[in-house]
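See below for the structure under consideration.
The values are calculated or read from the model by the stated rules, or taken from the named source; none is laboratory data. Computed from a predicted structure; not experimentally measured. All Cβ positions, glycine included, derive from the backbone under ideal geometry; neighbour counts span all protein chains shown.
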Number of protein chains: 2
Amino acid sequence: MPSDKTIGRLSLYRSLLSRILRAGDSHIFSHELAALAGNTSSQVRRDLMAIGSNGTPTRGYDIRSLIQSIGECLDAAGGERVALVGVGNLGGAILGFFAGRRPKLSVVAGFDNDRDKAGRVLYGVRCYAMEDLPRVIDQQGIRVAVITVPASEAQDVADRLIRAGVRGILNFAPIRLRTPAGIYVEDVDVTMSLEKVAFFARQSLTHKG
Amino acid sequence: MPSDKTIGRLSLYRSLLSRILRAGDSHIFSHELAALAGNTSSQVRRDLMAIGSNGTPTRGYDIRSLIQSIGECLDAAGGERVALVGVGNLGGAILGFFAGRRPKLSVVAGFDNDRDKAGRVLYGVRCYAMEDLPRVIDQQGIRVAVITVPASEAQDVADRLIRAGVRGILNFAPIRLRTPAGIYVEDVDVTMSLEKVAFFARQSLTHKG
């Protein structure tokens, strides 16, 4: 199985390639893609060879077919249906951000413990009460979920999602979830990231004198 | 200098400790903090010893003084002023998310190439036109910036920020920025993260079935 990092790079390549294609280019050399992705051309060639794509020395890679090959690796054939729990400020922004961005990866259900949100369509997504979570996850075949609830609720939400059949979680709550083996969790901790940037920005000034 | 990972863990500890303090506890043992942070008690003790904090065998760590010690390590004494470039959907969500969350880390200026936003206060932050960026960054002593513009504009924005004096960047655009040595960049790529979760959630099912 490809590593976490390989999958991350393929996802980045696709984002970059889609943008280049929209800008009007049809071919790209590995060193050009490497410059945009912040790695080396040999790394790019290895990653793309692993999904069966080879460039030519004269024209490089065909961007359209490369995007398709990456899609065959990354995307579920019939598309992946995603749930989001916690339709507040951050959850709403995530919904707005993903809307239409990846046709094969769409958020189809939102859950919130604010009962006023149940039954409404918010940010383009149908919202449900928390007690409907097991039924909706099961009926819609949802295996991927995004958690945007406060830290104090995140573990309970993760437990419920996993019991309902979810196998992968993108977690925005500033807590590390305890999950059984076989469940993939990716943490996005925006506060931590900004605190790291602030810390090292300051060190860089101090060290300069 | 502490590593990237150590700083990340200290930031996470502080988030967790603040929540526990609000819940009414005054002391915590290293193994309890480790369980919440998803690491080991010896790791927690090492990290906290590095900032001069030691627990007692009977009561563990005093949460209040631990939060203060972490703050002395992570926070700039006078607070850190942050700029955000790209006051769209994602930028607005980030502004809403950070508002009041960390008193020592506040977004004080937003920039956007939509001239209608200049001069307005959006999501609690004063917005400026892009051409005012060098002046505002300099006058306000801003060293940290968040980039929430589309990928096609992110490199140009980063170049401008660095020329204006910014030393650390939190980058939400799906592109790897080219920056001079001494500039700290942290990437948050939400699409990549969700694609990874979806990929590994599917593998976990395949391997079970």
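Is it fair to say A:ARG81 is at pLDDT 90 or above, surrounded by 21 or more Cβ atoms within 10 Å (Cβ to Cβ) and in contact with a Gly (Cβ under 7 Å, 6 or more places away or on another chain)? So A:ARG81 fails the test. Cβ separations smaller than 8 Å between residues 6+ apart or across chains give the following pairs from segment A:51-69 residues that are over 12 Å from A:PHE29 (Cβ atoms) and modelled with pLDDT under 95 to residues that are crowded, with 16+ Cβ neighbours inside 10 Å and among the β-branched types (Val, Ile, Thr): A:ILE51/A:ILE70. How about segment A:162-195: which of its residues are more than 7 Å from every other protein chain (Cβ to nearest Cβ), outside any loop (DSSP other than H, G, I, E, B) and among the hydrophobic types (A, V, I, L, M, F, W, C)? Selection gives A:ILE162, A:ALA164, A:VAL185. Name the single residue, out of those in segment A:35-77 being assigned to a helix (DSSP H, G or I) and small (Gly, Ala, Ser), that is farthest from the other protein chains (Cβ to nearest Cβ). Looking at the filtered set, the residue picked out is A:SER65.
Does A:SER18 fit the bill of being part of a helix (DSSP H, G or I), among the hydroxyl-bearing types (Ser, Thr, Tyr), under 19 Å from B:ALA201 (Cα atoms) and not assigned by TED's automatic domain parsing to the domain that holds A:ARG102? Lay out the reasoning, then the answer.
Numbers: part of a helix (DSSP H, G or I): yes; among the hydroxyl-bearing types (Ser, Thr, Tyr): yes; under 19 Å from B:ALA201 (Cα atoms): no; not assigned by TED's automatic domain parsing to the domain that holds A:ARG102: yes.
No; evaluated as a whole, the condition is false for this residue.
No other residue among A:ALA201, A:ALA181, A:ALA164, A:ALA151 is buried (at least 22 other Cβ atoms within 10 Å of the Cβ) and among the small types (Gly, Ala, Ser) apart from A:ALA201.
Scanning for something in contact (Cβ under 8 Å) with a residue 12 or more places away in the chain, touching a strand residue (DSSP E or B) at 6+ places or on another chain (Cβ under 7 Å), within 9 Å of chain B (Cβ to nearest Cβ) and among the β-branched types (Val, Ile, Thr), does segment A:79-94 turn up at least one residue? Yes: one or more hits.
Of all residues in segment B:117-146, those that are within 11 Å of another protein chain (Cβ to nearest Cβ) and closer than 19 Å to B:LEU90 by Cβ total 4. Scanning segment B:128-161 for residues that are in a helix (DSSP H, G or I), under 21 Å from the mean Cα position of the chain (by Cα) and of a type in the set (Val, Ile, Thr) gives B:ILE137, B:VAL157.
B:ALA198 - would you say it is at the interface with another protein chain (Cβ under 9 Å from one of its Cβ atoms), assigned to a helix (DSSP H, G or I) and of a type outside the set (Phe, Trp, Tyr)? Criteria met by B:ALA198.
Within segment B:119-164, being of a type in the set (S, T, N, Q), without any contact (Cβ under 8 Å) to a residue 12 or more places away in the chain and closer than 27 Å to A:LEU36 by Cβ holds for one residue alone: B:SER152.
In the condition set (1) in contact with a strand residue (DSSP E or B) (Cβ under 9 Å, 6 or more places away or on another chain); (2) away from chain B (no Cβ under 12 Å), A:ASP25 is compliant with all but (1).
Taking into account only those residues within segment B:95-115 that are under 25 Å from B:ARG19 (Cα atoms) and aromatic (Phe, Trp, Tyr), which is farthest from the other protein chains (Cβ to nearest Cβ)? Please lay out each step first, then the result.
Going through segment B:95-115, the residues under 25 Å from B:ARG19 (Cα atoms) turn out to be B:95-107.
With the extra rule that they be aromatic (Phe, Trp, Tyr), the set shrinks to B:97-98.
Working: B:PHE97: 5, B:PHE98: 7 Å.
Per the stated criteria, the residue is B:PHE98.
Residues of segment A:44-58 being surrounded by 13 or more Cβ atoms within 10 Å (Cβ to Cβ) and either of a type in the set (Ser, Thr, Tyr) or more than 22 Å from B:ALA158 (Cβ to Cβ) (or both), which ones? Show your work before the answer.
Initial filter on segment A:44-58 (surrounded by 13 or more Cβ atoms within 10 Å (Cβ to Cβ)): A:44-48, A:51, A:53, A:55.
Within segment A:44-58, A:ARG45, A:ARG46, A:ASP47, A:LEU48, A:ILE51, A:SER53, A:GLY55 qualify.
Residue check: is A:VAL87 among the β-branched types (Val, Ile, Thr), in contact with a Cys (Cβ under 6 Å, 6 or more places away or on another chain) and closer than 23 Å to B:GLY91 by Cα? So A:VAL87 passes the test.
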